[in-house]
Amino acid sequence: MKQKIKQLEAKTAAEMLDAEAKINDAWKREKKLREEDAKRHREELEEVMKRSDAARLDAEAEAKTRVQRAELDAKTRVDAAEKTAAEKVAEAEARLTNAEVMKHLDAKVRASELEMRSRLAKIEAAASEKEKVAAAAKMVDAEVRSIHWSPYDRVGVVNADP
């Protein structure tokens with residue numbers, strides 16, 4: 001009977017060792033699968049990031065191209081408008097006689113004088129407005145202040161005893 005027990009114990013121990021080996025193999029396979037999955041996910045993420053960066057760069061390049069085209073179109077339109085205006089002015093001036101040219105120039109001079117006077121008045125008004133604001137600021141600074149103070153007052157607000 002003891003011999004049979006020893007045989008059973010030996011068989012059980014062998015089975016346990018075999019089971020432990022199978023469990024270790026299963027854990028190793030699981031670990032390897034997880035590592036492969038993680039590696040695959042990292043590679044997929046890197047690929048997605050590369051595509052995203054490429055798409056962003058393409059979008060930036062396309063936007064830059066559109067801006068350049070719009071600037072070129074605007075410049076072309078402005079140049080055409082300036083050319084047309086210059087041609088019309090030249091035609092109008094060619095039709096004017098010397099006397100008409102003098103009248104036209106006098107009108108331009110008067111308009112310029114009026115514009116300059118208007119600007120001067122605006123500048124003087126702004127200067128007097130600044131003087132008014134400065135005088136009001138001086139009046140505010142000259143106000144009488146209370147000698148009472150609180151520990152919650154901001155520093156420098158009151159003349160507190162040291």
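The values are calculated or read from the model by the stated rules, or taken from the named source; none is laboratory data. Quantities reported herein were computed from a predicted structural model and do not represent experimental measurements. Using ideal geometry, Cβ is built from the backbone for each residue, glycine included, and neighbour counts are taken over all protein chains shown. Heads up: the accessible areas ignore ligands, DNA and RNA and are worked out on the full protein's heavy atoms, side chains in. Shrake-Rupley method; radii C 1.70, N 1.55, O 1.52, S 1.80 Å.
Odds and ends about this structure:
- Matching residues, segment 51-107, being of a type in the set (Lys, Arg) and surrounded by 10 or more Cβ atoms within 10 Å (Cβ to Cβ): ARG51, ARG56, LYS64, ARG66, ARG69, LYS75, ARG77, LYS83, LYS88, LYS103
- Qualifying residue in segment 116-126 (condition: open to solvent by less than 100 Å² (accessible area, probe 1.4 Å), at pLDDT 70 or above and either hydroxyl-bearing (Ser, Thr, Tyr) or assigned to a loop (DSSP other than H, G, I, E, B) (or both)): yes
- Qualifying residue in segment 31-44 (condition: within 26 Å of the chain's Cα centre (by Cα), in a helix (DSSP H, G or I), without any contact (Cβ under 8 Å) to a residue 40 or more places away in the chain and surrounded by 10 or more Cβ atoms within 10 Å (Cβ to Cβ)): no
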